[in-house]
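The values are calculated or read from the model by the stated rules, or taken from the named source; none is laboratory data. Predicted model, so just to flag it, every value in this text is computed and none were measured. Note that each Cβ is placed from the backbone with ideal geometry, even for glycine, and that neighbours are counted across all protein chains shown. Ligands, DNA and RNA are stripped out before the accessible areas are found, and what is left, the full protein with its side chains, is counted by its heavy atoms. Shrake-Rupley method; radii C 1.70, N 1.55, O 1.52, S 1.80 Å.
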Amino acid sequence: MDRMKNKVVLVFGAGSVGPGFGNGKAAAVAYAREGGSVVCVDVNLDAARNTLEVIESEGGAGLALAADVTKSADIAAVVEKTMERFGRIDVLHNNVGINAPGGAAEATEESWRRVMDVNLTSAFLTCKAVLPIMERQGSGAIINISSLASIRWTGYPYVSYYASKAALNHFTRAIAIEYAAKGIRANAILPGVMDTPHIQKQISGYYGSSEEMKAKRDALSPMKRQGDGWDIAWASVFLASDEAKYITGVELPVDGGLHVTVSGSVTS
Ligand SMILES: NC(=O)c1ccc[n+]([C@@H]2O[C@H](COP(=O)([O-])OP(=O)(O)OC[C@H]3O[C@@H](n4cnc5c(N)ncnc54)[C@H](O)[C@@H]3O)[C@@H](O)[C@H]2O)c1
């Protein structure tokens, strides 16, 4: 219950695109359940507020702020407000991620650049803003939400998503090594097939109905069911906690074992 006690956690993408709990919203609530003060940041302020309401309704504390993770000025304002209110940042959690359809020949240049901006440049910008603070503190933990698609073909033809998440992994490793001796850890989490509001909006175009999507994604998992936002949330809490003090530079699949399998496709 107190793995985040006295820690200040900054979650980018802390809302959810639909009702229920996505990966970012569940993580924000889980950090608060472990005693952390959680700054919930989202491009949609109502979504960030909704997450903070859940936290406060459970007796937790935090702040809800609006920011677009592709804009360094927005991120600077969030970091400034967080420091004003709490005086430190112990955990940086980068959850925001989007995808756009298309292989290398089909994807538009615009969609490629947008996905890179939202999935990869965003983490660069938040780390750039927060790392100097963690370095002064002599401690910190960064959690980047990647995807199993960073290391596997999953069946969706979305080349920019694969590339952006693969780059996010190695960006995370580079930070892990550069800052290892400074008390700062950086790890990536690779969700597999997760049943979150996000999938309804982001990948529903690949299926005839949401029932078909659920059936195919459930069947793909060795556990014969998708995971959910809480699976990502508790993995995040562990990696951000002092219990994981000797773990840095890893990519942790949270996928019911899917990464071990030889082949598979979420659409067939
Ligand atoms: N659900 C899955 O099956 C699955 C699988 C692999 C990886 N992931 C990864 O999980 C993450 C998404 O998880 P989620 O369930 O919380 O998704 P979500 O789509 O609900 O996103 C959370 C929040 O991010 C916010 N957001 C979007 N663009 C933003 C921006 N530019 N700036 C600030 N906030 C922004 C949204 O408003 C939303 O409230 C992504 O990184 C995604 O790639 C998900």
With angles folded into 0 to 90 degrees, how steeply does helix 229-240 sit against the dominant principal axis of the chain? Use alpha carbons for both and round to 10.
40 degrees
Folded to 0 to 90 degrees: helix 72-86 orientation relative to the chain principal axis, Cα
50 degrees
When the Cα centres of region 81-113 and region 237-251 are compared, how far apart do they sit, in Å?
21 Å
Cα long-axis angle, helix 23-33 against the chain (0 to 90 degrees, to the nearest 10):
30 degrees
Quick one: Debye curve from the alpha-carbon atoms of the chain only, equal weights, vacuum; give me log10 I(q)/I(0) at q = 0.08, 0.15 Å⁻¹ to two decimals.
-0.29, -1.07
Thr261-Ser139 pseudo-label distance in nm [points 7 Å out on the Cα-to-Cβ vector]:
4.1 nm
Of all accessible heavy-atom area on the chain, the percent that carbon and sulfur account for (1.4 Å)
54 percent
Exceeding 24 Å between C-alpha atoms, which entries from my cross-link table qualify? They are Lys7/Lys245; Lys128/Lys245; Lys5/Lys71.
Lys5/Lys71
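At 1.4 Å probe radius, can you tell me the per residue accessible area of the chain in Å²?
Normalised by residue count, the accessible surface of the chain is 44 Å².
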